[in-house]
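Enquirer: Have a look at this one.
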Amino acid sequence: MFGSLSEHWPVVWSMLGGVAEGMLRHYDAKCAARFIIMIVEHPVKACIKTLLLAIVACGATLPARADAKDDDARDRWELLRSTMFGGRTVHDAGDQLHLVIPERALDAALVPVTVELNLPTRVTAISLVVDNNPSPLAGTFRFGPAFTQKFLKVRVRVNDYTLIHAVAETEDGVLYTTSRYIKVSGGCSAPGLGNPAEVLARIGRMQFRRTRAVEGVKVPAELMISHPNYNGMQMDRAKSNFTPARYLQNVTVTTGGVSIFDLEGDISMSEDPVIGFGYTPADDGAIDILARDSMGSVFSRHFEALPQS
Amino acid sequence: MAGAPTAVRLAEVAPGIHIRQGVTEDATAANSDAIANIGFIVGRDAVAVVDPGGSFDDGQSLLLAIRQVTELPIRYVVQSHVHPDHVFGAAAFQAEGPVFVGHANLPQAFEARGSYYQQGLEKILGVGRAGRLVTPSLLVRDQIEIDLGERRLTLTAHPTAHTNCDLSVVDRWTNVLLAGDLLFVDRAPSIDGDLRGWLSQLTALDALKVRAAVPGHGPALVKWQDAVGNLQRYLTVLLNETRAAIDRGMPIEEAATTVGLSERGNWALFDDYNGRNVIEAYRRLEWE
């Protein structure tokens with residue numbers, strides 16, 4: 001099969017390149033173990049196996065290649081940053097902004113993300129960016145005076161191994177960012193199997209959950225909106241065509257007429273979006289939600305004030 | 001690794017029912033995605049394949065194994081649900097000219113997931129080895145019977161359970177249930193449909209009073225009572241603990257790492273599937 005090594009050098013080399021690149025892109029212990037088993041079981045001469053194993057071992061630990069991966073991620077972010085924020089400087093947030101995400105996505109279609117805010121100046125907006133998604137900007141939240149400057153929780157889709165960035169803008173116009181890397185088991189998020197008729201029947205339903213244990217005047221809350229957030233990549237068999245993208249584009253949440261936040265969303269938000277946040281009740285503390293999707297449908301709900309405890 | 005497909009060893013678990021047990025692993029290039037239990041049933045006149053396998057190689061190995069047992073025509077290829085480890089071998093049977101059978105929701109599920117699965121499998125096995133999906137032409141909405149010649153099979157299309165397109169087969173002669181992934185044994189179940197629906201379909205299957213079943217994963221043949229009891233217990237733990245987590249206001253990310261852990265010792269690959277199952281359960285139950 002392998003006459004002389006030099007004759008087949010290009011083949012060996014391309015295999016190695018593929019293996020090393022794969023390992024570095026998706027490097028983890030399990031993955032590496034599979035590559036090694038694959039090589040050991042491959043019907044080639046023992047000397048070539050030894051060579052392959054040796055080079056794979058080197059490849060996995062080669063800092064030069066690891067840097068290449070980091071370079072790719074940095075280039076990607078640099079491109080996104082300049083597209084979204086132009087020439088503005090984006091400062092490293094240090095410990096003033098935290099992203100809490102799992103190290104590995106359990107379900108790529110629903111990755112819970114928590115942003116913890118600890119900035120000395122009031123934050124007016126937060127953007128969430130899933131760098132390697134086809135549509136990286138998952139959403140931008142613009143905060144009103146009733147938003148508690150503590151945390152924000154959302155659920156996003158993650159299509160591949162990627163950095164996730166949170167970018168906060170403060171009221172003095174300064175941008176801060178923090179990021180975390182996430183691995184995705186088994187590739188990108190599987191399209192839902194839901195029956196389109198059932199999905200449309202419940203579109204726009206809402207729930208608003210408030211914790212009754214009110215800390216001071218700040219109420220932790222969770223807004224749930226039933227919406228498929230179709231990303232335009234699902235096939236509709238009945239029409240033998242792709243289901244057009246249909247996602248929540250704008251969600252406005254107010255308490256007693258005072259803004260809590262205004263969200264500009266996109267297809268990287270999970271199906272049936274759930275948003276966690278805290279707010280300071282204004283007036284009688286009633287809540288109004290106004291949502292609009294990309295096909296122009298409008299959904300609104302009014303939630304009465306919590307009874308006094 | 002890859003070479004010419006060879007006939008795999010099958011067990012004749014009941015007269016005329018031959019099953020190839022899948023390995024308890026996720027798909028790899030080395031295992032050719034032969035991870036599900038697949039097999040065939042031989043009647044007087046014809047053969048029915050029940051799940052064509054997880055890749056083209058896997059399907060071809062099954063075809064070779066069939067031809068070591070019988071020369072009868074393969075009249076039906078039954079596809080138990082949308083998951084790739086059960087159906088990507090279908091193309092290996094096309095030259096035999098069988099009728100491909102599936103749940104009425106299966107064509108839509110293939111449309112929704114097909115290219116996504118194809119890409120994923122090609123990444124693991126390589127482009128030529130993945131195989132491809134074959135859309136069923138005989139669709140089951142409720143229940144149908146097919147006849148292999150003095151051997152009738154009852155095919156039941158289930159409401160959403162493990163997936164939204166689960167089809168089970170009962171061989172009327174031996175009263176053996178080929179459950180597809182409605183029954184997992186030893187390997188951690190995965191939920192891609194509806195947890196409550198799955199539990200109610202297990203109750204419905206229980207009413208059939210079959211003694212033995214071929215699970216989608218696990219041994220080639222099991223006693224129905226023991227096997228269904230274990231699965232019901234796991235799904236019930238998941239249901240109760242996820243509901244309790246939602247009631248207590250526990251966030252989904254915390255539920256994913258705490259719910260169901262008492263079941264950890266009972267299932268292979270538990271850590272690969274339980275957290276995902278909790279998320280799947282949580283996102284539906286929170287709307288209850």
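Enquirer: Does at least one position in the range B:121-135 carry a residue that is over 21 Å from B:THR160 (Cα atoms), more than 14 Å from chain A (Cβ to nearest Cβ) and of a type in the set (A, V, I, L, M)?
Expert: Yes, the range B:121-135 has at least one match.
Enquirer: Pull up the range B:26-56, narrow it to residues that are under 12 Å from B:VAL87 (Cα atoms) and of a type in the set (D, E, K, R), then point me to the one that is surrounded by the most Cβ atoms within 10 Å (Cβ to Cβ).
Expert: B:ASP51
Enquirer: Which one is nearest to the other protein chains (Cβ to nearest Cβ), of the residues in the range B:245-288 that are open to solvent by less than 50 Å² (accessible area, probe 1.4 Å) and out of contact with any helix residue (DSSP H, G or I) (no Cβ under 9 Å at 6 or more places or on another chain)?
Expert: Per the stated criteria, the residue is B:TRP287.
Enquirer: Please note which strands (runs of 3 or more DSSP E) are completely contained in the range A:192-267 and include at least 2 residues that are under 25 Å from the mean Cα position of the chain (by Cα), modelled with pLDDT under 95 and away from chain B (no Cβ under 13 Å).
Expert: So the answer is none; nothing clears 2.
Enquirer: With respect to B:THR236, determine if the residue is part of a helix (DSSP H, G or I), closer than 30 Å to B:PRO15 by Cβ and of a type in the set (Ser, Thr, Tyr).
Expert: Spelling it out, it is not the case that B:THR236 is part of a helix (DSSP H, G or I), closer than 30 Å to B:PRO15 by Cβ and of a type in the set (Ser, Thr, Tyr).
Enquirer: If you scan the range B:62-71, which residues turn out to be open to solvent by 10 Å² or more (accessible area, probe 1.4 Å) and part of a helix (DSSP H, G or I)?
Expert: Passing the criteria: B:LEU63, B:LEU64, B:ARG67, B:GLN68, B:VAL69.
Enquirer: With the requirement that a residue be at the interface with another protein chain (Cβ under 10 Å from one of its Cβ atoms), open to solvent by 10 Å² or more (accessible area, probe 1.4 Å) and not aromatic (Phe, Trp, Tyr), what does the range B:84-111 give you?
Expert: Hits for the range B:84-111 are B:ASN105, B:GLN108, B:GLU111.
Enquirer: Within the range A:111-134, how many residues are within 14 Å of another protein chain (Cβ to nearest Cβ), modelled with pLDDT of 95 or more and open to solvent by 10 Å² or more (accessible area, probe 1.4 Å)?
Expert: Within the range A:111-134, residues that are within 14 Å of another protein chain (Cβ to nearest Cβ), modelled with pLDDT of 95 or more and open to solvent by 10 Å² or more (accessible area, probe 1.4 Å) number 3.
Enquirer: Continuing with the same structure: So which residues in the range A:152-191 are more than 13 Å from every other protein chain (Cβ to nearest Cβ), polar (S, T, N, Q) and open to solvent by 40 Å² or more (accessible area, probe 1.4 Å)?
Expert: Passing the criteria: only A:SER179.
Enquirer: What are the residue pairs meeting all of these: first residue in the range B:7-22, first residue on the phi > 0 side of the Ramachandran plot, second residue part of a loop (DSSP other than H, G, I, E, B), Cβ atoms under 9 Å, and 6 or more apart or on different chains?
Expert: Here the result reads B:GLY16/B:GLY43; B:GLY16/B:LEU148; B:GLY16/B:ARG151; B:GLY16/B:TRP173; B:GLY16/B:THR174, each pair linking the range B:7-22 to a residue that is part of a loop (DSSP other than H, G, I, E, B).
The values are calculated or read from the model by the stated rules, or taken from the named source; none is laboratory data. The structure presented is a predicted model; accordingly, all values stated were derived computationally and were not measured. Positions of Cβ are backbone-derived with ideal geometry, glycine not excepted, and every protein chain shown enters the neighbour counts. Note: areas computed on protein heavy atoms with side chains; ligands, DNA, RNA excluded. Shrake-Rupley method; radii C 1.70, N 1.55, O 1.52, S 1.80 Å.
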